[in-house]
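A short write-up of the structure that comes next.
What follows draws every value from the coordinates through simple rules; no lab data is involved. Note that the structure is predicted; figures quoted are calculated from it, not measured. Counting neighbours? That spans all protein chains shown, and the Cβs are built from the backbone with ideal geometry, glycine included.
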Amino acid sequence: MPQQHLNLKSPRQGAALVLLMLFVSAPPGTAQEVYKSVDADGHVTYSDRGTTKNAPKTSLKVEEGDPAEAARLAKEQQLLKAEDAQRTRQDAADAKNKAAEDRQRESACKNARNSYNRIKDTNRLFKTDADGNRVYFSDEEVDAMRLQAQRAMTAACGS
């Protein structure tokens, strides 16, 4: 049988791969021997056969995992994913509601500002009576209307 080699860039990758191979190929609870060597460039090589006759052996024992624990962990992860998805949907809904409130607040501010500027810039304010005639407001009434419009603008716009 030819010698099999696998070059990996880090010892952690190699160890994880060796453990995975042993877990898949070994019967539960059995020990497997692997050989580890490092070349001149520092690359780690794991093999089922030593690169030299004196290569040190490493014995690993692989134990089968508990199926009930694996199922519990899978269910827990599924619940966490569902909670995360729900949180994401709620955040999106909250952002949508906030955007709608901001648009409504902006519209109210714009309307209050336009109303104030219309009252402020008009020289003579009037209302129409039941017969269709113009009834002009007194200076005091106009000043009170301007003050009320300014307060409404301040309330709607914040300043």
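Which loop-located GluC sites (Glu not before Pro) does region 44-121 contain, where loop means any DSSP state but H, G, I, E or B and the Cβ has at most 16 other Cβ atoms within 10 Å? Before the final figure, lay out each step's value.
Details: sites: E63, E64, E69, E76, E83, E101, E106; in loops: E63, E64.
Those that pass, being in a loop and sparsely packed, are E63, E64.
Return the long-range amide H neighbours of L125 (sequence gap of 5 or more, or a different chain), with a cut-off of under 5 Å between placed amide H atoms.
F137
Net charge near N114: determine it from the other residues with C-beta under 13 Å of the C-beta of N114, scoring Lys and Arg +1 and Asp and Glu -1.
+2
Sequence gap at least 6, Cα distance under 8 Å: using those rules, report the relative contact order of region 59-159 to the nearest whole percent.
Relative contact order here is 26 percent.
Going through region 53-159, which trypsin sites (Lys or Arg not before Pro) have at most 15 other Cβ atoms within 10 Å and a DSSP loop state? Display every interim value, and only then the final one.
Details: sites: K53, K57, K61, R72, K75, K81, R87, R89, K96, K98, R103, R105, K110, R113, R118, K120, R124, K127, R134, R146, R151; in loops: K53, R124.
Within region 53-159, the qualifying trypsin sites (Lys or Arg not before Pro) (loop, at most 15 other Cβ atoms within 10 Å) are K53, R124.
Using Cβ contacts closer than 10 Å as the measure, can you line up D41, D139 from fewest to most? The partial results should precede the final answer.
Values: D41 6, D139 10.
Ascending Cβ contact count within 10 Å gives the list D41, D139.
Once Lys and Arg get +1 and Asp and Glu get -1 on their Cβ, which of Q148, N117, A71 lies farthest toward the positive end of the dipole of region 68-157?
Selected residue: A71.
Rounded to whole Hz and in sequence order, give me ³J(HN,Hα) for region 125-134 from the Karplus expression 6.51 cos²θ - 1.76 cosθ + 1.60, θ = phi - 60°, writing x for Gly and Pro.
Listing the rounded values in order: 9, 8, 10, 9, 7, 5, 8, x, 8, 7 Hz.
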